[in-house]
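Peer 1: To start, I am sharing the structure in question, which I have written as structure tokens.
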Amino acid sequence: MDGGDRKTAASGAPDTAGTPGLSDVPGASGAPGWVKSARQLERERLRRRRSIRSGSVATVSTLLVIVLLVWGVAGSPGWPRVRETFFNPEQFVKALPDVLDGFLLNVKIFLIAEPLVLVVGLLVALVRNLRAPVFFPLRALAVAYTDVFRGVPTILVIYLVGFGLPALDLQGVPTDLVTLGVIALTLSYGAYVAEVFRAGIDSVHPSQRAAARSLGLSHGMTMRHVVLPQAVRRVAPPLLNDFVSLQKDTALVATIGPLEALRQAQIHAASTFNYTPYLVGALLFILLTIPLARFTDYLAARSQQRRGQ
Amino acid sequence: MSLLTIEGVWKNYHGHSVLRGIDLSVEAHEVVCLIGASGSGKSTLLRCVNLLETVDDGTIHLDGKEITDVRVDADDVRKRMGIVFQAFNLFPHMTVLDNITLAPRKVHKVGREQAEHQARELLERFGLADKAASYPDRLSGGQQQRAAIIRAMATRPRLMLLDEVTSALDPALVTEVLSVIRELKEGGMTMILTTHEMGFCREIADTVCFLDDGVLLERGTPEQVFTDPRQPRTREFLRSVLDARRI
Ligand SMILES: Nc1ncnc2c1ncn2[C@@H]1O[C@H](COP(=O)(O)OP(=O)(O)O)[C@@H](O)[C@H]1O
Ligand SMILES: [Mg+2]
């Protein structure tokens, strides 16, 4: 005898007093035959004024914080020396082309590794969800895989794959260091992403499966059309977060040799004893990850909003 | 031959028997209404018929074929039945139209165009034509439940199972769902339904079955069960429902 909340959602009552953000529900404007009352106009005017005020407060306080930060850092006794070794404009310009060149390799590694990680993660998650006894060996393998690769530090995986695989001297095993780096990153991140997918799959309410099965959909169809679409939507923010992490971990591939951004910066720094090239690398990585991070925030906010409805 | 025959069905959960030897047969075009207190096993019985639960004993035949046989493909059986639950269970990430066409397209391999055409016809018939492109969370409870019934209808099932389809609804929304069920009966659909709406049950049922603690205690026409119940337990139950209504 509940379900009253459903009714109110449908009736779309025009009274949204004191709840900014609800004013854009259907019917708030342009409804035929509805003229805004004086009360409503006054309310909207107040709301506008309040939002202008909070905007100005935010701007002023942000400026104040920035001024204080700059003043605090620039006023410290060691600042001149730090500026010389880390913020040297001349070194910055000199290192930029090489580091940028290396950085393109990072981007390439990332772009290849990411889809592979998605595929591996999804497959492993799906295998772990198979219930039939025939699939036991597969399931056990998937469990072992996630256990191992989530446990071993990524940098170790890169070492082991980078130096271990070629040493096997097997036919068909790649020896190209970049390829080996991609394999190592995929193995390591695939394990994380598999767990993220699995959590998403488990989070879809069992009644959704029951509803799908009752319509005659098979296990596979139920997964493909009902469970996965909901699961993927739910885990998109944590997945993107793992990708931000993967983007910067491409730098770990430097440890086995390829001339990517970190490696190039190291070379420059070693010859000049100036650390500005590292700053160049850091800036480039930030530039790469910020858009993805913002996109993650956006998705998280959107799903939050949806659930709030 | 009966459309559905349930014989000696038992179902246990954790050593507790929820269904205790149910016998029930349903003829084609018959509407059977299950009544009984909450927890008496009505939902469990429907879930057993739909093979969402495996029975612990007994058999169920559909169209003369045993569906509780372990070698039977459950998906194949479910293709021939529709079930609608108390909670609407529409798929939230699909529009109403996609919800309805999913099973016809994927399970019954009907072409997209034809499936959508049929879905639109059903939506029209049940007064939801303007909601085809909406997502479930934009629908009222009554509309969601009607969409769920249409979804179950879309595969042209031999048998419809409706489990308290109005219980999660406001009284004001109940009537629109009940009229959908009425329309189904007029179309000759065979149905087993559970409900707390005794008036509706009396109106629509050909046969009323009273379930008490997993036992099918009484079975008869609505007239007989509601006005002259044979079992004292049935009388007690009906009185308690009437009392609840008065409060
Ligand atoms: N999955 C389950 N696990 C354990 N007990 C269950 C399960 N499903 C139902 N039951 C129990 O079975 C009994 C009958 O439930 P149900 O069929 O839902 O009754 P009704 O629909 O008549 O209200 C209840 O006591 C309930 O707690
Ligand atoms: Mg029930």
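The values are calculated or read from the model by the stated rules, or taken from the named source; none is laboratory data. Owing to the predicted nature of the structure, the values given are computational and were not obtained by experimental measurement. Here the Cβ positions follow ideal geometry from the backbone for every residue, glycine too, while neighbour counts run over all protein chains shown. Ligands, DNA and RNA are excluded from the accessible area calculation, which covers all protein heavy atoms including side chains. Shrake-Rupley method; radii C 1.70, N 1.55, O 1.52, S 1.80 Å.
Peer 1: Subtracting the Cα-Cα distance from 0.36 nm times the residue separation, let me have the gained length for A:Leu69 to A:Val148 in nm, one decimal. Walk me through the numbers before you get to the answer.
Peer 2: Values: separation 79, 0.36 × 79 = 28.44 nm, distance 4.39 nm.
Net length gain for the segment: 24.0 nm.
Peer 1: Hey, got the average number of other protein chain Cβ atoms within 10 angstrom for residues in B:135-141?
Peer 2: Per residue, the average neighbour count from other chains is 4.
Peer 1: Next question. Which FRET efficiency, nearest 0.05, do A:Arg49 and A:Lys108 yield, Cβ-Cβ r, R0 51 Å?
Peer 2: Given R0 = 51 Å and the Cβ-Cβ separation, E is 0.50.
Peer 1: Most fluctuating residue of A:Phe92, A:Phe103, A:Phe136 in a GNM of chain A with Cα springs under 10 Å: which is it?
Peer 2: Evaluated over chain A, the most mobile residue of the options is A:Phe136.
Peer 1: Enter the mean number of other protein chain beta carbons within 10 Å of the beta carbon of each residue in B:87-95, as an integer.
Peer 2: 5
Peer 1: Another question, if that's okay. Residue by residue through B:165-173, how many Cβ atoms from other chains fall within 10 Å of the Cβ on average?
Peer 2: For peptide B:165-173, the averaged partner shielding equals 3.
Peer 1: Sticking with this structure for a sec: Hey, what angle do you get for helix B:141-153 against the long axis of chain B, alpha-carbon based, 0 to 90 degrees rounded to 10?
Peer 2: Once rounded, one gets 90 degrees.
Peer 1: When the Karplus curve 6.51 cos²θ - 1.76 cosθ + 1.60 is applied with θ = phi - 60°, which whole-Hz ³J(HN,Hα) does each residue of segment A:62-70 get, with x for Gly and Pro?
Peer 2: 5, 4, 4, 4, 4, 4, 4, 4, 4
Peer 1: Moving on to the next point. Please report the buried accessible area for the interface of B with A, total over both chains, probe 1.4 Å, in Å² to the nearest 100.
Peer 2: So the total buried area for this chain pair works out to about 2300 Å².
Peer 1: Next question, about the same structure. Which of the listed residues, A:Ala251, A:Val227, A:Ala132, is farthest toward the dipole's positive end in the protein assembly as shown, when Lys, Arg count +1 and Asp, Glu count -1 at the beta-carbon?
Peer 2: Ranked along the dipole, the leading option is A:Ala251.
Peer 1: What is the helix-to-structure angle for B:112-125, meaning the angle in degrees between its Cα long axis and the longest Cα principal axis of chain B, kept from 0 to 90 and rounded to the nearest 10?
Peer 2: 60 degrees
Peer 1: While we're here: For segment A:267-303, list residues with backbone N below 17 Å from a point placed 7 Å from the Cα of A:Lys248 toward its Cβ?
Peer 2: Label zone hits: A:278-297.
Peer 1: Ignoring ligands, DNA and RNA, what percent of the 1.4 Å accessible area of the protein assembly as shown is carbon and sulfur?
Peer 2: Using a 1.4 Å probe with all protein chains present, the protein assembly as shown comes out at 60 percent carbon and sulfur.
Peer 1: Leaving out ligands, DNA and RNA but keeping every protein chain, what accessible area does B:Arg120 have, in Å² rounded to the nearest 10, with a 1.4 Å probe?
Peer 2: 120 Å²
Peer 1: Spin-label point model (7 Å from Cα, Cβ direction): what's the B:Arg158 to B:Thr59 distance in nm?
Peer 2: 1.5 nm
Peer 1: A follow-up question, please. So in the protein assembly as shown, what percent of DSSP beta bridges are antiparallel if you round to the nearest 5?
Peer 2: 55 percent
Peer 1: Now a separate question. What does the accessible area per residue of the protein assembly as shown come to in Å², with a 1.4 Å probe and no ligands, DNA or RNA counted? Show your work: numbers first, answer last.
Peer 2: On the way: 29260 Å² over 556 residues.
Result: 53 Å² per residue.
Peer 1: Now, a different point. Please find, in a Gaussian network model of chain A (springs between Cα atoms separated by less than 10 Å), the residue of A:Gln91, A:Gln264, A:Gln208 whose mean-square fluctuation is greatest.
Peer 2: Looking only at A:Gln91, A:Gln264, A:Gln208, the largest GNM fluctuation is found for A:Gln208.
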